[in-house]
Amino acid sequence: MRVLNTLVAAAVAFFPAQAFAQCDPGERVTKFSLVTSLQGHPKGEAALAFADRVNSELDGKLCVEVFGNSELYNDTDVFDAILNGDVQFAAPGVTKFGKYTQQFELFNLPFLFDGPLHVMEFLNSDVAAEMTAGLTDHGFVGMGYWANGMRQMSATVPLRLPLDARGLTFRVSSSSPVTAEVMRRMEITPKKLSFSKVYDALKTGEVQGQENTWANIQTKEFYLQQAAVTETNHTYIGYIVVTSQDFLSSLDPETRQALQDIMKLTTHERNRFAFEINQQRRQDILDDDGVIVTLTPEELAQWRAELKPVWDQFKSSIGEGLVDAAILMNSTTNPFE
Ligand code: SIN
């Protein structure tokens, strides 16, 4: 099975990461920059669906080209690229907006949400809509939330309890103070690296562990460099699709409205598939003889007991109201509360 996967990966590498759109002369060409894979990934598939719809419904006016696998920018540089007009769309993880607001640190609070459905409930709420409104102060427009899934932890040793990772260095995706505190409690050293660097860093031993969704772990083959992936489901990766205010206001009102409607429809349609895609990628790991550790209820209770105090440390910097709203939305069906 692993040989087959290697052949598929080689074929994917041979073909360009860019999804070429049929842009016609006279159309305004726009770029959508992603760090993840396109096919078989919730965000990649959503971006392709968005581009397809724009390219057919706004044919002759606007055209979207999708670039995956960090081909254009990483998630640090993409914010300036959007503001400078070098790309028009990106969808960084919610917690990568840390330099603009601490509110999105909410999604790094361990075990705050007990599953992707609860996160989606929260993301569809008025509270979450207000969270993106503040981005306009920085020149961005949040066009929608796109789903990925819950993060799992993997390392060069199988993890059953938080301190099993003691002494290791883990790749982290942002300078999140919440994640740093989680790692401190696990006696792990965090190392911030862009997504495109993770596979090599795991391979060379620069880092020995990481945390990510099934879709990211499988499509980027992180699991091949790890002893096991532990099904922790401890935090969530979702995305804010951003564009710039300058770009949106440069469109005529009809095109702008059509673009926003297409984004709304795509978001609604594609978010339903994020959970299923992640479960498929999880199964792909098993089919490739990857090791997945499933925690017992007692072990999971220890993870929660060890890491949940982090909530109180960051409640005021994130916003008491936000944390309380998330707890309330989750607690109606959360068996652990
Ligand atoms: C992504 O899902 O866009 C990347 C996540 C990461 O940087 O770990």
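Annotations for the structure displayed:
- Computed 3J(HN,Hα) for the stretch 210-223, one whole-Hz value per residue from the Karplus formula 6.51 cos²θ - 1.76 cosθ + 1.60 where θ = phi - 60°, is 6, 9, 6, 7, 4, 4, 6, 5, 7, 5, 9, 6, 4, 4, glycine and proline marked x.
- Bridges between two residues of the chain, per DSSP, are antiparallel at a rate of about 55%.
- For GLY93, nonlocal amide neighbours, meaning residues 5 or more places apart or on other chains whose placed amide H falls under 5 Å from its own, do not occur.
- Computed over the stretch 92-241, the Cα gyration tensor eigenvalues convert (square root of 5λ each) into semi-axes of 27, 15, 14 Å, ordered from largest to smallest.
- Per residue value of the accessible surface for the stretch 64-122 (all protein chains in place, 1.4 Å probe), Å²: 31
- For the stretch 206-284, the alpha carbon positions stretch 54, 29, 20 Å along the principal axes, listed from largest to smallest.
- Over the stretch 234-329, the pair-distance histogram of Cα-Cα distances with 10 Å bins from zero comes to 11, 22, 28, 26, 11, 2 percent, rounded to whole numbers.
- Taking amide H as placed 1.01 Å from N in the peptide plane, the amide H of THR213 sits under 5 Å from that of GLN152, each at least 5 places away or on another chain.
- Accessible surface of the chain, 1.4 Å probe, proportion on carbon and sulfur as whole %: 52
- HIS118 exposes around 30 Å² of accessible area when a 1.4 Å probe is run over every protein chain in place.
- Kirkwood analysis of the Cα pair distances in the stretch 31-135 returns a hydrodynamic radius of 15.3 Å.
- Sorted largest first, the spans of the alpha carbon positions of the chain along the three principal axes are 60, 50, 32 Å.
- Average projection area in nm² (convex hull over Cα atoms of the stretch 92-151, one quarter of hull surface): 4.0
- Note on the chain: with a GNM built from Cα contacts shorter than 10 Å, the maximum mean-square fluctuation among ALA46, ALA258, ALA227 falls on ALA258.
- Look at the alpha carbon pairs under 8 Å that are at least 6 residues apart: their mean separation over the length of the chain gives a relative contact order of 24 percent.
- Checked against a 21 Å cut-off, the cross-linked pairs LYS31/LYS191; LYS31/LYS99; LYS99/LYS192 give Cα-Cα distances beyond that limit for LYS31/LYS191; LYS31/LYS99.
- Relative contact order (%) - criterion: Cα under 8 Å, at least six apart; region: the stretch 57-133: 15
- Each part gets one Cα centre, and for the stretch 91-149 versus the stretch 272-298 those centres are 24 Å apart.
The values are calculated or read from the model by the stated rules, or taken from the named source; none is laboratory data. This one's a predicted model, so the numbers in the text were calculated from it and none came from an experiment. Please note that ligands, DNA and RNA were not included when accessible areas were found on the heavy atoms of the full protein model with its side chains. Shrake-Rupley method; radii C 1.70, N 1.55, O 1.52, S 1.80 Å.
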